[in-house]
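The values are calculated or read from the model by the stated rules, or taken from the named source; none is laboratory data. Because the structure is a prediction, the values reported are computed rather than measured. FYI the Cβ positions are ideal-geometry reconstructions off the backbone, even for glycines, and counts take in every protein chain you see.
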Amino acid sequence: MDGLGMPYEVVRVDRAAAQPLNFTQLLWNPDGSARYAGYFMAPNLEAIGVLNKSDVLTLWDFQLRTGARSARFGVWPGSIGFAANLASCNAEDRPMTFSAAATTVIGASGINPSATLGNEGLWRCPFAKASATGSCPICAADFAGDCLNPSCTATQVLDFAGGATAGGALVKYADGRESLAFIFDCAAFSPTCMVLGHLSLSWLLHDIIPGQRDVLLTVHQ
């Protein structure tokens, strides 16, 4: 984003902090305008017990009211409606290619849709390339037993070459929210993460005037 001249903020989320993060103040300006055009999340804080239910609902409400898109890394397949292929969990280099459905995501990003991406050193549990369940459950911090189960349509956009598993999906929720979800964590050493970061940013900011709003990056400390 520095190279593109795109303003952004990085926010660390620590559930054990003495002063919990106020998501309403984070996402909205005092005059009621939105502070961000979209956000990256790494890992998927919604689903790993870092955010409580009110935080998640505040974040979703922000997306609904502004149309802001999200891109998430380190997503467990079950939270986007797919079954994890546990036998394939590893960090070995298995080439990935974009699926035909990735065309709308690639858009005008300049990414070659025929590119082959490596993933050595990136831990992940791929998901089976089968029909998704139609539900994207979130069961986190303070609402175990009272999970959020939004309806969703998840379409694979990043496939592991030569197999029946995938590593990324475009998730469209029934309420109108949209998110790119990748099942692996990213790292600075990975050229693939640079490519997918550029791809995600282009998709996040589609139809957004550059500089109109910042981009929010959240990470767990």
TODO: Out of the residues in segment 114-137 that are in contact with a strand residue (DSSP E or B) (Cβ under 6 Å, 6 or more places away or on another chain) and among the charged types (D, E, K, R), state the one that is nearest to A87 (Cα to Cα).
DONE: R124
Open item on the list: If I go through segment 156-184 residue by residue, how many of them are within 24 Å of R65 (Cα to Cα), surrounded by 14 or more Cβ atoms within 10 Å (Cβ to Cβ) and either modelled with pLDDT under 85 or not basic (K, R) (or both)?
Closed with: 8
Task: Tabulated pairs, segment 122-141, first touching a residue at least 60 places away in the same chain (Cβ under 8 Å), second part of a strand (DSSP E or B), C-beta under 8 angstrom, 6+ apart or interchain - done: L122/F184; W123/N90; W123/F184; R124/N90; R124/G167; R124/F184; I138/L148; C139/L148
TODO: Output the residues belonging to segment 28-42 that are over 13 Å from Q63 (Cα atoms) and assigned to a strand (DSSP E or B).
DONE: M41, A42
Task: Meets criteria (on the phi > 0 side of the Ramachandran plot and in contact with a Ser or Thr (Cβ under 8 Å, 6 or more places away or on another chain)) for G118 - done: no
Task: Of the criteria (1) farther than 19 Å from G163 by Cβ; (2) in contact with a helix residue (DSSP H, G or I) (Cβ under 8 Å, 6 or more places away or on another chain), which one L64 fails - done: (2)
TODO: Evaluate the following for G67: is it exposed (fewer than 12 other Cβ atoms within 10 Å of the Cβ), under 17 Å from L204 (Cβ atoms) and not basic (K, R)?
DONE: no
Task: Leading residue by the ranking (modelled with the lowest pLDDT) among those in segment 46-74 that are assigned to a loop (DSSP other than H, G, I, E, B) and either closer than 15 Å to K172 by Cα or out of contact with any Pro (no Cβ under 9 Å at 6 or more places or on another chain) (or both) - done: G49
Open item on the list: Between a residue in segment 84-96 that is surrounded by 13 or more Cβ atoms within 10 Å (Cβ to Cβ) and any residue that is charged (D, E, K, R), which pairs come within a Cβ distance under 8 Å, given they are 6 or more apart or on different chains?
Closed with: N90/R124; A91/E120; A91/R124; M96/D159
